[in-house]
1. Taking the options GLN109, GLN81, name whichever one is open to solvent by 40 Å² or more (accessible area, probe 1.4 Å), in contact with a Gly (Cβ under 8 Å, 6 or more places away or on another chain), in contact (Cβ under 8 Å) with a residue 12 or more places away in the chain and not in a loop (DSSP other than H, G, I, E, B).
2. Kindly provide the set of residues from the stretch 48-77 that are touching a Phe, Trp or Tyr at 6+ places or on another chain (Cβ under 7 Å) and free of Cβ contacts under 8 Å to residues at least 12 places away in the same chain, ordered by number.
3. Can you tell me which of (1) at pLDDT 95 or above; (2) out of contact with any Phe, Trp or Tyr (no Cβ under 6 Å at 6 or more places or on another chain) is the one LEU80 doesn't meet?
4. Quick one: would you say ARG45 is farther than 13 Å from GLY107 by Cα, within 16 Å of the chain's Cα centre (by Cα), touching a residue at least 40 places away in the same chain (Cβ under 8 Å) and open to solvent by 70 Å² or more (accessible area, probe 1.4 Å)?
5. Could you check, for the stretch 91-106, whether at least one of its residues is loosely packed, with under 15 Cβ neighbours inside 10 Å and polar (S, T, N, Q)?
6. Being touching a Lys or Arg at 6+ places or on another chain (Cβ under 6 Å) and not small (Gly, Ala, Ser) narrows it down to one residue among GLN1, GLN13, GLN39; which is it?
7. Could you tell me whether the stretch 44-52 includes any residue that is touching a strand residue (DSSP E or B) at 6+ places or on another chain (Cβ under 7 Å), of a type outside the set (S, T, N, Q), at pLDDT 95 or above and more than 18 Å from VAL92 (Cα to Cα)?
8. Yes or no: the stretch 50-57 includes at least one residue that is surrounded by fewer than 19 Cβ atoms within 10 Å (Cβ to Cβ) and basic (Lys, Arg).
Amino acid sequence: QVQLVESGGGLVQPGGSLRLSCVASGSLFGVKSMAWYRQAPGKERELVATIFRYGGINYGDSVKGRFTISRDNTKNTLYLQMNSLKPEDTAVYYCNSYPSEWPWGQGTQVTVSS
């Protein structure tokens, strides 16, 4: 059973940056497409960014040009560099395979506020 542990969230002012990390247990990380998702209060979980097994990348329209997804298969780690953060980016951020098939981790809270 894969376990996912997200970290790196926090409180940041608009225009600021954060780097999220997600460590996956087990040996399946390197053979899966992975993604970051987020869930804002009162809203459904949404797909933020995807990095495919063979390297292709997609971003949601709301984060394109501001967020960068990357992965290090030697460390079973997924990253999300978030720049030019906006209040509407406030949410709990989760990682999972794409499509999601593993148990969700606890997520990491990102709050963008002045």
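The values are calculated or read from the model by the stated rules, or taken from the named source; none is laboratory data. These numbers were taken from a predicted model, which means no experiment stands behind them. Every residue, glycine as well, gets a Cβ built from its backbone with ideal geometry; the counts of neighbours run over all protein chains shown. Note: accessible area is taken over every heavy atom of the protein model, side chains too, but ligands, DNA and RNA are not part of it. Shrake-Rupley method; radii C 1.70, N 1.55, O 1.52, S 1.80 Å.
1. Result: GLN109 is the single residue among GLN109, GLN81 that is open to solvent by 40 Å² or more (accessible area, probe 1.4 Å), in contact with a Gly (Cβ under 8 Å, 6 or more places away or on another chain), in contact (Cβ under 8 Å) with a residue 12 or more places away in the chain and not in a loop (DSSP other than H, G, I, E, B).
2. Hit for the stretch 48-77 is TYR59, nothing else.
3. Of everything listed in (1) at pLDDT 95 or above; (2) out of contact with any Phe, Trp or Tyr (no Cβ under 6 Å at 6 or more places or on another chain), LEU80 misses just condition (2).
4. Taking the combined requirement at face value, the residue does not satisfy it.
5. yes
6. Being touching a Lys or Arg at 6+ places or on another chain (Cβ under 6 Å) and not small (Gly, Ala, Ser) holds for just one of GLN1, GLN13, GLN39, which is GLN39.
7. Yes.
8. Yes: one or more hits.
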